[in-house]
1. Using R₀ = 30 Å, calculate the FRET efficiency as 1/(1 + (r/R₀)^6) where r is the Cβ-Cβ separation of residue 191 and residue 147; round to 0.05.
2. Pull out the extension gain between residue 215 and residue 103, defined as 0.36 nm times the separation in residues minus the alpha carbon to alpha carbon distance; nm, one decimal.
3. Going 7 Å from the Cα of residue 94 in the Cα-to-Cβ direction, what parts of the range 185-201 have a backbone nitrogen less than 19 Å from that spot?
4. If each residue of separation counts as 0.36 nm, what is the full-extension length gain between residue 184 and residue 270 once their alpha-carbon separation is subtracted?
5. For the range 19-187, what relative contact order do you get, as a whole percent, if you take Cα pairs closer than 8 Å and at least 6 residues apart?
6. Can you tell me which of 51-61, 80-90 comes out highest on packing, and rank the rest after it, using the mean Cβ neighbours within 10 Å?
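Taken together, the values in this text are just the output of simple stated rules run on the coordinates, not laboratory data. Source: prediction; values computed, not measured. In this analysis, Cβ positions are derived from the backbone assuming ideal geometry, glycine residues included, and neighbour counts consider all displayed protein chains.
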């Protein structure tokens, strides 16, 4: 309700005030267009089953996955021999329910369709919210969509190519006893890979979240700098959870980008705070 009230309050003087039902109708069409785009992409991906599963979802199960090749070459370059090379995948996938593979196929197509159309979905959301913004703020909407989409995709690729492979190799080869074989369900594997990738994509939206919190005056760069030492500990803790592998090398690979996002957040908050202070000074002078 608060958003609908805000939409009405900030409408231009040349635009008639919209009723609650008008807003609901407008929102319905934004959602419908976004869903239509997702479904079109999902249908295309559904029809390309081999590419969707063998190339994308099951990619980290292949020994020729780009991440494994890159780290193997890195290990040789650092004089570490084959210590960073990935051996044979030590687990198998299975499907034990009659409808499981078909339902997973549909789920995977829809999820990947959402990822592909994310910029459009975000744009539709901002088209609905934009009437609640002032004219100066409205001009920045496209920039928010571009930056938000870029951060999401960077995080998604980081999760898919860095976090997910480490997790798959470690958990896939982990055994409490040689008498216990690792045979996982396809659904469990897909949820792990997609969950890590999507979570990473959302985590990389942190600078954008900081931007809006700073715009609202809730956060400042001074507050973020004050908690910098705690942020390092939190990043290390998150890296230890995200990468179950016990070696420090893989954990540091995840820690550096996470802490880098925090530092970017400080820079963003500082710029927003300075702009807000300059605007306040100009208003006081006038």
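1. Between residue 191 and residue 147 the formula returns 0.55.
2. On the way: separation 112, 0.36 × 112 = 40.32 nm, distance 4.28 nm.
Separation in residues times 0.36 nm, less the Cα-Cα distance, equals 36.0 nm.
3. Answer for this model: 185-192.
4. Details: separation 86, 0.36 × 86 = 30.96 nm, distance 4.73 nm.
Length gained, residue 184 through residue 270: 26.2 nm.
5. Details: 129 pairs, mean separation 57.4, N = 169.
With pairs under 8 Å counted, the relative contact order is 34 percent.
6. Working: 51-61: 17.1, 80-90: 13.5.
Order by mean packing, descending: 51-61, 80-90.
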